[in-house]
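The next block holds one structure in the form of structure tokens; read it before the comments.
The values are calculated or read from the model by the stated rules, or taken from the named source; none is laboratory data. Worth saying up front: this structure is predicted, and the values here are computed from it rather than measured. As a convention, Cβ positions derive from the backbone with ideal geometry for all residues, glycine included, and neighbour counts pool all protein chains shown. In case anyone asks, the SASA skips ligands and DNA or RNA and just uses the protein heavy atoms, side chains included. Shrake-Rupley method; radii C 1.70, N 1.55, O 1.52, S 1.80 Å.
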Amino acid sequence: MKMSTLLIQNIGQLLLAADHLPARLEGVQMRDLPFIKNAFLSLENGLIKDYGTMSECPTYPFDEYIDAANRIVFPAWCDSHTHLVFGGSRELEFVDKIKGLSYAEIAAKGGGILNSAAKLANTSESALYDSALERIHAIIRTGTGAVEIKSGYGLSLEAELKMLRVIRRLKETQLLPIRATFLGAHAFPTAYKECPENYIQAVIEQMLPRVADEGLADYFDVFCERGFFSVADTDKLLEAAAKYGLRPKIHANQLDFSGGVQIGVKHRALSVDHLEHAGAAEIQALMHSETIGTLLPTAAFFLRLPYPPARAMIDAGLGIALATDFNPGSSPSGRMPWVLTLACLYMRMLPEEALAAATLNGAYAMDFSDSLGSISRGKVANLCISKPIQDFAYIPYSFGEDCIEKVLIKGKIM
Ligand SMILES: [Zn+2]
């Protein structure tokens, strides 16, 4: 293969630039990010080869050059929690919400996840792929360089397989690194209303073996919430998934102090996600565990829920990740900059902390820390180049504005 090289010169600030960073940043590490002013960055075959100050910039020839003209360069976002394969939007429920119905009431009306399941059942695999691909292109434009995508709108063997095959096809065709999560235990289908236990058996005995057999999932997820899957259900499901080597990344503590965080930590979950309802016991459970808390402020915003206690978590010394929860019901947006704005404003995260949470810590929550999430020699060159701005803080500050001019994935300008 012919070698390809690229040199980015005159970078105003190169953020999160250091080798040998830990797999995730915790506590005060999240605000003390390494950076270089007036920097260069060189790439070779889609990987980061070298970086430093302009005074050390190599003088040998490169295939391609970018003059950053004092712009800011940082790792592309790693969005570790999305449901971006779906059959249709749900703006009518948005109107129900304005009229005053709660998430639980909308769910009881057959809306919510079951509404998405009905739309998904009526959408072909190729139409699902096409619409998901459009969303992938859109999130790349706002700076996303890696994404996790869940199933969970199928809620039957065939429909869950359909969703997971769409994700597999996206993995095969896209440059963007993708992780797939099997979320069969997202909600109880109407047919199982009288005997939810039988649906759990169906997930364990019919779906899990097929999903594992076809190698369709990297992780296993459960919606561990009041009115959905209990802690006991979750325990049973995670134990079954472990037999197939599927590590958990679960929905926890969104609607209540559900015990989801603790059950996730018990099963060595890679992440426990949401945490709108988290206090001292949840923070204690996460301390010194391998499990990272992933916070989804756009979902809290859209559902008008209390925001997760990011400040208390970081001050206690935890690392946290930020993600979009991109889905048609509770977070119909895959724009990471908007996540950062809410994290800074309502969760009192400093812009540096939000950057760490949305890049390296998001990579950790997808087990991509070795290859993504920072500017480190040998890592994959997934990068954002800003528009002409003075400081990274301008990005969360100037909400709604597109502040990212160029996105590179595997060294290729998208
Ligand atoms: Zn979610």
Examine the range 124-145 for a residue that is small (Gly, Ala, Ser), within 16 Å of the ligand (Cβ to nearest atom), assigned to a helix (DSSP H, G or I) and under 25 Å from the mean Cα position of the chain (by Cα), and state whether such a residue exists.
yes
Return the residues of the range 65-95 that are over 22 Å from Ser371 (Cβ atoms), of a type in the set (Asp, Glu) and either more than 16 Å from the ligand (Cβ to nearest atom) or modelled with pLDDT of 95 or more (or both); say none if nothing qualifies.
Asp67, Glu91
Could you go through the range 162-177 and let me know if any residue there is of a type outside the set (Val, Ile, Thr), part of a loop (DSSP other than H, G, I, E, B) and more than 27 Å from Ala321 (Cα to Cα).
no
Which one is surrounded by the most Cβ atoms within 10 Å (Cβ to Cβ) among residues in the range 365-381 that are touching a Pro at 6+ places or on another chain (Cβ under 9 Å) and closer than 22 Å to Lys150 by Cα?
Gly373
So is Ile250 at pLDDT 95 or above, of a type outside the set (Gly, Ala, Ser) and in a helix (DSSP H, G or I) or not?
no
Filter result (under 16 Å from Ser371 (Cα atoms) and buried (at least 16 other Cβ atoms within 10 Å of the Cβ)) within the range 48-61
Ile48, Lys49
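Looking for whichever is charged (D, E, K, R), open to solvent by 20 Å² or more (accessible area, probe 1.4 Å) and within 11 Å of Pro328 (Cβ to Cβ) here; the options are Glu105, Glu134, Glu64, Glu91. Which one fits? Full working, then the answer.
Numbers: Glu105 fails: within 11 Å of Pro328 (Cβ to Cβ); Glu134 fails: within 11 Å of Pro328 (Cβ to Cβ); Glu64 fails: within 11 Å of Pro328 (Cβ to Cβ).
Answer to the check: Glu91.
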How many residues does the range 331-364 contain that are open to solvent by 10 Å² or more (accessible area, probe 1.4 Å), outside any helix (DSSP H, G or I) and within 30 Å of Glu105 (Cβ to Cβ)?
3
Cβ-Cβ under 6 Å, sequence separation 6+ or interchain: first residue in the range 236-258 and more than 16 Å from the ligand (Cβ to nearest atom), partner of a type in the set (Val, Ile, Thr) and open to solvent by 10 Å² or more (accessible area, probe 1.4 Å). Which pairs?
Ala240/Ile204
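Condition check ((1) open to solvent by less than 20 Å² (accessible area, probe 1.4 Å); (2) modelled with pLDDT of 95 or more; (3) at positive phi) across all residues:
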| site | (1), (2), (3) |
| --- | --- |
| Ala180 | yes, yes, no |
| Leu183 | yes, yes, no |
| Ala212 | no, yes, no |
| Phe220 | yes, yes, no |
| Cys224 | yes, yes, no |
| Val231 | no, yes, no |
| Leu246 | yes, yes, no |
| Ser258 | no, no, no |
| Gln262 | no, yes, no |
For residues in the range 119-154 being modelled with pLDDT of 95 or more and basic (Lys, Arg), which is nearest to Ala358 (Cα to Cα)?
Arg141
Have a look at His267, His274 and point out the one that is open to solvent by less than 50 Å² (accessible area, probe 1.4 Å), under 21 Å from the mean Cα position of the chain (by Cα) and on the phi > 0 side of the Ramachandran plot.
His274
Going by the conditions given, is Ile314 more than 14 Å from the ligand (Cβ to nearest atom) and over 17 Å from the mean Cα position of the chain (by Cα)?
yes
